[in-house]
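Q: First the structure, then my questions, so here it is.
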Amino acid sequence: MDAFVPWSAIIASGLFILSLYWMSHPTTARRGVRAGEVGMLVAILGALVHHEVVSYDLILIAMVAGTAVGVPMALLMPMTAIPQRTAISHAFGALAVGLIGAAEYYKHARPEFAGGFVLWTLMFEMLLGFLTCTASVVAFGKLQELLPGKALVFPGQRIVNGGVALAALVVAVLIALDPTRTALFPLFVALALAFGVLLVIPIGGADMPTVIALLNSYAGLAASAMGFALGNKLLIVAGALDGASGFILAVIMCKAMNRSFANVMFGGFGAVAAGAAGGKDDRVVRSASAEEAAMQMENASSVVIIPGYGMAVSQAQHKVSELYQALTKKGVDVKFAIHPVAGRMPGHMNVLLAEANVPYEQLVELDDVNPDMPQTDVALIIGANDTINPAARDDPKCGIAGMPIIEADRAKSVFVIKRSMASGFAGVDNPIYFNSNTQMLFGDAKEMVGSIAKELAGGGSGLGH
């Protein structure tokens, strides 16, 4: 069986690479998921038949416990909670890396290993593992709204963050040079855990998708470093793939949001700023009914639908698909404008719309749709807030200033489906709700979109008769 171990690493690595390749496009995404699942199964089998495994008792207990937790999470977790699940999964994985590193450190806490490659890699992977664990827990808390979604900043924050990071590095070096200094190890772990918390609290909710991508990269790099420490080639490859893909995605996200890594990690740019000038009581909010919205869309030549987190919360994607089909049958040109950070994780809206069989070709990125917005007859916003907030473009003092937006406010007519006038996840007031060309459709997104689709199909009062 030992001959199977190296082959399992090669097969699993190849399947992981194919998985990433296939998941880069919706038409092959399912195949990519299956390839990743098979690759992980092969990797687990390869680990189980390794000659160093002498007892399966604890392994079986861990597998049963993991299955008991993982299966219900996969089957019962609503789509709206996938970002939180992703964050907590990062925390579990990073904690596992950190604890394995701690066990390996105590095995190597002898003078003959001082300054060796294994100790350096162990300290590196534990630093990344422990800080990723607490950073992911904080991200989970913000996404689940157990912690404030807004940025938490305090005077001298960058100095404190830098000081904690430097202290952790110094202690790591001291331990690597003399592993017998076991009394320093708990301090190192505490500093790494504290730095993870400090890393994420100054980041606002609107930027959490980028944070998730970056934490994914950290977890992958930690796993890859652990592979070097353990001499496990599959861990090296899988961790490197995870780290590189997460890093590339984070770079793309930062570019899409007009941010930099320095800002994401240390800027605290998500802090809530003052709302747009003028009190809300002085501004007029225009509301409309589903019938009025349907009538205007039926007479339009072009409609741009802009989905957001509200669509995910109400699970309205299938009703949105029905609306798309009803409009298309009436000869209306319909596009879906997708912001890179719509929802609370990368690709959130793409996954939901693909689940509802909305043609991928109808999904348009903001750079492509914004030039056409002034000629668009109707922009229908479904639960989106920060991604269509013109304050990001017009108000340099607001908390999301500089973030590229879908310029829905430039459309000839705008309908916004929303439960209330509350601000978005970033906590920034949105002036689009008070524009003269905007009409609010208050209510649950699923019910409201369903009502509009019904009116368009001739099932409502008056329309289509």
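Q: Within segment 195-208, identify whether any single residue is over 21 Å from residue 151 (Cβ atoms) and in contact with a helix residue (DSSP H, G or I) (Cβ under 9 Å, 6 or more places away or on another chain), and answer yes or no. Steps first, please.
A: At the first step, the residues of segment 195-208 found to be over 21 Å from residue 151 (Cβ atoms) are none.
No, there is no match, as no residue in segment 195-208 is over 21 Å from residue 151 (Cβ atoms) and in contact with a helix residue (DSSP H, G or I) (Cβ under 9 Å, 6 or more places away or on another chain).
Q: Listed residues 35, 47, 43, 3; which is in the same structural domain as residue 71 (by TED's automatic domain parsing), under 18 Å from residue 245 (Cβ atoms), modelled with pLDDT under 95 and out of contact with any Asp or Glu (no Cβ under 8 Å at 6 or more places or on another chain)?
A: On the way: 35 fails: modelled with pLDDT under 95; 47 fails: under 18 Å from residue 245 (Cβ atoms); 3 fails: under 18 Å from residue 245 (Cβ atoms).
From the options 35, 47, 43, 3, the qualifying one is 43.
Q: Further, regarding this structure: Among 153, 200, which is under 26 Å from residue 309 (Cβ atoms) and under 16 Å from the mean Cα position of the chain (by Cα)? Break it down stepwise before answering.
A: On the way: 153 fails: under 16 Å from the mean Cα position of the chain (by Cα).
Selected residue: 200, the only one of 153, 200 that is under 26 Å from residue 309 (Cβ atoms) and under 16 Å from the mean Cα position of the chain (by Cα).
Q: What number of residues in segment 1-27 are hydroxyl-bearing (Ser, Thr, Tyr), in contact (Cβ under 8 Å) with a residue 60 or more places away in the chain and either in a loop (DSSP other than H, G, I, E, B) or surrounded by 15 or more Cβ atoms within 10 Å (Cβ to Cβ) (or both)?
A: 2
Q: Could you list, in sequence order, all residues of segment 214-228 that are buried (at least 24 other Cβ atoms within 10 Å of the Cβ) and either in contact (Cβ under 8 Å) with a residue 40 or more places away in the chain or farther than 23 Å from residue 82 by Cβ (or both)? Reasoning before the result, please.
A: Pass one, segment 214-228, residues buried (at least 24 other Cβ atoms within 10 Å of the Cβ): 214-216, 218-220, 222-226.
Correct list: 214, 215, 216, 218, 219, 222, 223, 224, 225, 226.
Q: Mind checking whether some residue in segment 189-206 is free of Cβ contacts under 8 Å to residues at least 40 places away in the same chain and over 27 Å from residue 422 (Cβ atoms)? It would help to see each step written out before you state the result.
A: Here is the first cut: in segment 189-206, the residues free of Cβ contacts under 8 Å to residues at least 40 places away in the same chain are 190-191.
If we keep only those that are over 27 Å from residue 422 (Cβ atoms) too, we end up with 190-191.
There is at least one residue in segment 189-206 that is free of Cβ contacts under 8 Å to residues at least 40 places away in the same chain and over 27 Å from residue 422 (Cβ atoms).
Q: In addition: Given the structure, is residue 178 acidic (Asp, Glu) and over 19 Å from residue 121 (Cβ atoms)? Let's see the steps before the verdict.
A: Numbers: acidic (Asp, Glu): yes; over 19 Å from residue 121 (Cβ atoms): no.
Here the answer is no, as residue 178 does not meet what is asked.
Q: When you go through 242, 207 one by one, which is the residue that is under 20 Å from residue 153 (Cα atoms) and assigned to a helix (DSSP H, G or I)? Outline the logic, then answer.
A: On the way: 242 fails: under 20 Å from residue 153 (Cα atoms).
Unique residue meeting the criteria: 207.
Q: Would you be able to tell me the number of residues in segment 381-390 that are under 11 Å from residue 430 (Cα atoms) and in contact with a helix residue (DSSP H, G or I) (Cβ under 6 Å, 6 or more places away or on another chain)? Lay out the reasoning, then the answer.
A: Pass one, segment 381-390, residues under 11 Å from residue 430 (Cα atoms): 384-390.
Within this subset, residues satisfying the condition of being in contact with a helix residue (DSSP H, G or I) (Cβ under 6 Å, 6 or more places away or on another chain) are 386, 388, 390.
Looking only at that region, the number is 3.
Q: Something else: Restricting attention to segment 134-168, and to residues there that are aliphatic (A, V, I, L, M) and within 20 Å of residue 313 (Cα to Cα), which single residue is surrounded by the fewest Cβ atoms within 10 Å (Cβ to Cβ)?
A: From segment 134-168, those aliphatic (A, V, I, L, M) are 135, 137-139, 143, 146-147, 151-153, 159-160, 164-168; that's our starting set.
From what's left, within 20 Å of residue 313 (Cα to Cα): 139, 143, 146-147.
Values: 139: 31, 143: 27, 146: 11, 147: 17.
For segment 134-168, the residue satisfying everything is 146.
Q: Any idea which of 135, 109 is touching a residue at least 60 places away in the same chain (Cβ under 8 Å), in a loop (DSSP other than H, G, I, E, B) and not polar (S, T, N, Q)?
A: Result of the check over 135, 109: 109.
Q: Right, something else. It is to be established whether one or more residues within segment 59-80 are free of Cβ contacts under 8 Å to residues at least 24 places away in the same chain, hydroxyl-bearing (Ser, Thr, Tyr) and within 22 Å of residue 219 (Cα to Cα). Lay out the reasoning, then the answer.
A: Quick first cut of segment 59-80, residues free of Cβ contacts under 8 Å to residues at least 24 places away in the same chain only: 59-77.
Among the residues that remain, those that are also hydroxyl-bearing (Ser, Thr, Tyr) are: 67.
Pick out the ones that are also within 22 Å of residue 219 (Cα to Cα) and you get 67.
Yes, segment 59-80 contains a residue that is free of Cβ contacts under 8 Å to residues at least 24 places away in the same chain, hydroxyl-bearing (Ser, Thr, Tyr) and within 22 Å of residue 219 (Cα to Cα).
Q: Continuing with this model, one more query. Could you say whether any residue in segment 254-270 is at pLDDT below 85, aliphatic (A, V, I, L, M) and in contact with a Gly (Cβ under 9 Å, 6 or more places away or on another chain)? Reasoning before the result, please.
A: So in segment 254-270, the residues at pLDDT below 85 come out as 254-270.
When the remaining residues are screened for being aliphatic (A, V, I, L, M), the result is 256-257, 262, 264-265.
Subset that is in contact with a Gly (Cβ under 9 Å, 6 or more places away or on another chain): 257.
Checked against the condition, which is being at pLDDT below 85, aliphatic (A, V, I, L, M) and in contact with a Gly (Cβ under 9 Å, 6 or more places away or on another chain), segment 254-270 yields at least one hit.
Q: I'd like the full set of residues that are in a helix (DSSP H, G or I) and either more than 13 Å from residue 238 (Cα to Cα) or hydrophobic (A, V, I, L, M, F, W, C) (or both), limited to segment 38-53. Before you say what the answer is, go through the steps one by one.
A: First, the residues of segment 38-53 that are in a helix (DSSP H, G or I): 38-48.
Selection gives 38, 40, 41, 42, 43, 44, 45, 46, 47, 48.
Q: Among the residues of segment 89-106, is there at least one that is under 30 Å from residue 363 (Cβ atoms), surrounded by 13 or more Cβ atoms within 10 Å (Cβ to Cβ) and out of contact with any strand residue (DSSP E or B) (no Cβ under 6 Å at 6 or more places or on another chain)?
A: Keep residues of segment 89-106 that are under 30 Å from residue 363 (Cβ atoms), which gives 89-90.
Right, trim to surrounded by 13 or more Cβ atoms within 10 Å (Cβ to Cβ) and you get 89-90.
Subsequent filtering for residues that are out of contact with any strand residue (DSSP E or B) (no Cβ under 6 Å at 6 or more places or on another chain) retains 89-90.
Checked segment 89-106: at least one residue is under 30 Å from residue 363 (Cβ atoms), surrounded by 13 or more Cβ atoms within 10 Å (Cβ to Cβ) and out of contact with any strand residue (DSSP E or B) (no Cβ under 6 Å at 6 or more places or on another chain).
Q: Considering (1) crowded, with 22+ Cβ neighbours inside 10 Å; (2) at positive phi; (3) not small (Gly, Ala, Ser), say which one residue 353 fails and leave the rest.
A: With (1) crowded, with 22+ Cβ neighbours inside 10 Å; (2) at positive phi; (3) not small (Gly, Ala, Ser) applied to residue 353, the lone miss is (2).
The values are calculated or read from the model by the stated rules, or taken from the named source; none is laboratory data. This structure is a prediction, so every number in the text was calculated from the model and none was measured. Heads up, the Cβs are rebuilt from the backbone with ideal geometry, glycines too, and the neighbour counts pull from every protein chain shown.
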